[in-house]
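The values are calculated or read from the model by the stated rules, or taken from the named source; none is laboratory data. Computed from a prediction, not measured in an experiment: that's the story for all the values here. Glycine gets a Cβ as well: all are built from the backbone with ideal geometry, and neighbour counts include every protein chain shown. Just the protein is used for accessible areas: all its heavy atoms, side chains included, with ligands, DNA and RNA removed. Shrake-Rupley method; radii C 1.70, N 1.55, O 1.52, S 1.80 Å.
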Amino acid sequence: MPQLTRPPAFVWVVALGMCAVWIAFGSRTLAAARAHDFLNIYTGASLALDGHFADLHDITVQLERERRYVPVQSLVPFVRPAFYAAILAPLAVFPYNTAFVIWIAVQSLLLIACWTWAWRRFGPEALVFGTLFLPPPLGIATGQDCVVLLAIFIVAYELIESNRLIAGGAALALMLIKFHLVLLWPVALLLQRRSRILAGFSAMAALEIVSSLALGGRHGAELYIALLRNKTLDHLSPSPELMISYQGLAANLDITAPWAIAAIQLAIVALFLIAITRAPLWRTFCLTAIASLLIVPHVYAYDATLLLLPIWLIIFKSIHPPSRIAATLFSTPIPFGFALADKPWAVVSSASMLALLVILSTAPNALSTEPRAPASGS
């Protein structure tokens, strides 16, 4: 990697100023995060530490464990796979409040590491776009683990770009800790005939499935599926108007007809399929990440943390002016600031993502700083 170059004064002003803004913003939400989003993370870790993998996703067991730490009235469900709970288990060695401080500190350090990577890779100006982007600090402030996925995403890109294809595919599969955010990756790899990346992805995915089954058994798998399909849990999929996927678009525009919602999803998938076939690597990462977030429900503003890598790639690798302009505007706090607003203003977030996908999809493949996707698997 290139050495760090000294940023101009304006970069320090923007970066440090935005860090101060996010710290002030986050300090107002940490109490709620400790009692809500982090609660399910710690509960999953605690149950795993005690060996309760078979009933890890039993809602009664989860609720009983959560009430040991916070006097909640209803369940904040832990919906991650069993293998991820095993990875989180060391967190539960610490008392609840101490673990929360460690969790926030680790997420913050990971975000700084991602910013530093971009600084090395693209130059100090990348810090401006990184620190302006709202979803990562929002995720940290709400106790989520979205920065973990961003770090994995960056590692996968680095590995694949440096021709360590199997390892890069395996890294991509680590993102299956939130599997609904990466559903289009196997499709993209198949269409582009990136067979070695797909092999690494498939091997790691198989390992994750086998390890989860080994930990929880068939009963644990049945409970997990039942939890994901349980429509009576208030905290499993609250506030659809605040989602940044097709569901938020439909909820804010009062689109309720099933055929209309299906048409939106099909249009997104069709646009993705047309654009991905011969896209170069950097555009593959951008298109697949954006489209994957758009086509599924239960995607909130903090989940867009993944899109920080596409923002950097578009701004610093594309030579298509509309794409670069759209990515620059997308990096500001405005699009996802609206995700915190009420109906119908929250539609700006999902509409902005859809607009970025359309603009990037219509850019000619020739307008790229990298070769196109391979015609055969390599």
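Assorted remarks:
- Just one of the numbered conditions (1) among the small types (Gly, Ala, Ser); (2) out of contact with any helix residue (DSSP H, G or I) (no Cβ under 7 Å at 6 or more places or on another chain); (3) farther than 22 Å from residue 328 by Cα is not true of residue 123: (3).
- Test result for residue 62, in contact with a Ser or Thr (Cβ under 8 Å, 6 or more places away or on another chain) and not hydroxyl-bearing (Ser, Thr, Tyr): yes
- Selected residue (only one of 218, 196 is open to solvent by 60 Å² or more (accessible area, probe 1.4 Å) and in contact with a helix residue (DSSP H, G or I) (Cβ under 6 Å, 6 or more places away or on another chain)): 196
- Any hit, the range 266-276, residues being modelled with pLDDT of 95 or more, within 22 Å of residue 124 (Cα to Cα) and of a type in the set (Phe, Trp, Tyr): no
- Looking only at residues of the range 147-158 that are open to solvent by 10 Å² or more (accessible area, probe 1.4 Å) and of a type outside the set (Val, Ile, Thr), we find that the one that is farthest from the chain's Cα centre (by Cα) is 158.
- For the range 100-149, a residue qualifies if it is among the small types (Gly, Ala, Ser) and either in a helix (DSSP H, G or I) or at pLDDT 95 or above (or both), and the qualifying residues are 105, 108, 113, 118, 126, 130, 139, 141.
- Residues that are open to solvent by 40 Å² or more (accessible area, probe 1.4 Å) and in a loop (DSSP other than H, G, I, E, B) were ranked within the range 30-54; the one that is nearest to residue 140 (Cα to Cα) is 36.
- Odd one out for residue 169, checked against (1) farther than 26 Å from residue 196 by Cα; (2) of a type in the set (Gly, Ala, Ser); (3) crowded, with 22+ Cβ neighbours inside 10 Å: (1)
- Some residue of the range 61-81 being within 30 Å of residue 213 (Cβ to Cβ) and among the small types (Gly, Ala, Ser): yes
Conditions tested, residue by residue: (1) among the hydroxyl-bearing types (Ser, Thr, Tyr); (2) surrounded by 24 or more Cβ atoms within 10 Å (Cβ to Cβ); (3) farther than 27 Å from residue 83 by Cβ.
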{"residue": "124", "(1), (2), (3)": "no, no, yes"}
{"residue": "128", "(1), (2), (3)": "no, no, yes"}
{"residue": "144", "(1), (2), (3)": "no, yes, no"}
{"residue": "160", "(1), (2), (3)": "no, no, no"}
{"residue": "179", "(1), (2), (3)": "no, no, no"}
{"residue": "182", "(1), (2), (3)": "no, yes, no"}
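- Cβ pairs under 6 Å, 6+ apart, first in the range 48-77 and closer than 13 Å to residue 220 by Cβ, second open to solvent by 20 Å² or more (accessible area, probe 1.4 Å) and assigned to a loop (DSSP other than H, G, I, E, B): 61/55
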